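Structure first, then comments.
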Amino acid sequence: MSDRSRTNQLLYQAELLITSTSEDDEHATARGMAQEEGALALFELALVSLLREVTEHARLGQHDWRYLLSDEGPAMAELQRLRDLAQHPDSWLFWLVSQLEKLHSSDGVATRRAANPAMIAVADQASLSEQLVTHLNAAKREVAALRETSQEW
């Protein structure tokens, strides 16, 4: 499978996982948390695959996203575009990097929803699942733009 195909596959699988419905039983909350963290882990794999894809011509020995998106990473236009995106607070990549840091921490990223009906939900606060879907879609648009740019070269 090519890097391009693998990137597409991982983005698709993450979206499938996060948008799948689950049974409403005593395990529903834990299952939902597992789906969120699983989809986020697939999103991380998709990021690594994307980095392999856009740096394929450079034949890099390392594809760790932390390194490639850092200032110490190779000087390549595609990577600089992604580095800039990772610094923009409204971007999907900024959101993803911050969520991946949480995912790799001992606390994880998925949290239980408060079951107390007396609590008032904040209307503007989207669930992790909703945020994942939004940022997956934004990532897919960016991947398409990166591919178009690299084809021009």
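Laid out as a table, the results:
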read-out	value
Residue within the stretch 3-26 that is among the small types (Gly, Ala, Ser), assigned to a helix (DSSP H, G or I), at pLDDT 85 or above and surrounded by 15 or more Cβ atoms within 10 Å (Cβ to Cβ) present	yes
Single unsatisfied condition, GLY73 versus (1) over 20 Å from ARG4 (Cβ atoms); (2) in contact with a His (Cβ under 6 Å, 6 or more places away or on another chain)	(2)
Single residue of the stretch 43-68 satisfying the filter (open to solvent by less than 20 Å² (accessible area, probe 1.4 Å) and among the aliphatic types (A, V, I, L, M)) that is farthest from LEU103 (Cα to Cα)	VAL54
Residue ID - least open to solvent (accessible area, probe 1.4 Å), chosen from residues in the stretch 69-88 that are part of a loop (DSSP other than H, G, I, E, B), of a type in the set (A, V, I, L, M, F, W, C) and free of Cβ contacts under 8 Å to residues at least 24 places away in the same chain	MET76
Output for the stretch 89-108, where each listed residue is assigned to a loop (DSSP other than H, G, I, E, B) and within 24 Å of LEU60 (Cβ to Cβ)	SER91, HIS104
Checklist (1) open to solvent by less than 40 Å² (accessible area, probe 1.4 Å); (2) of a type outside the set (Phe, Trp, Tyr); (3) closer than 24 Å to LEU128 by Cα; (4) not in a helix (DSSP H, G or I) applied to LEU40, failing item	(4)
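The values are calculated or read from the model by the stated rules, or taken from the named source; none is laboratory data. Computed from a prediction, not measured in an experiment: that's the story for all the values here. Cβ coordinates were reconstructed from backbone atoms using ideal geometry, including for glycine residues, and neighbour counts include every protein chain displayed. Quick note on the areas: whole protein, heavy atoms, side chains included, nothing else; ligands and nucleic acids left out. Shrake-Rupley method; radii C 1.70, N 1.55, O 1.52, S 1.80 Å.
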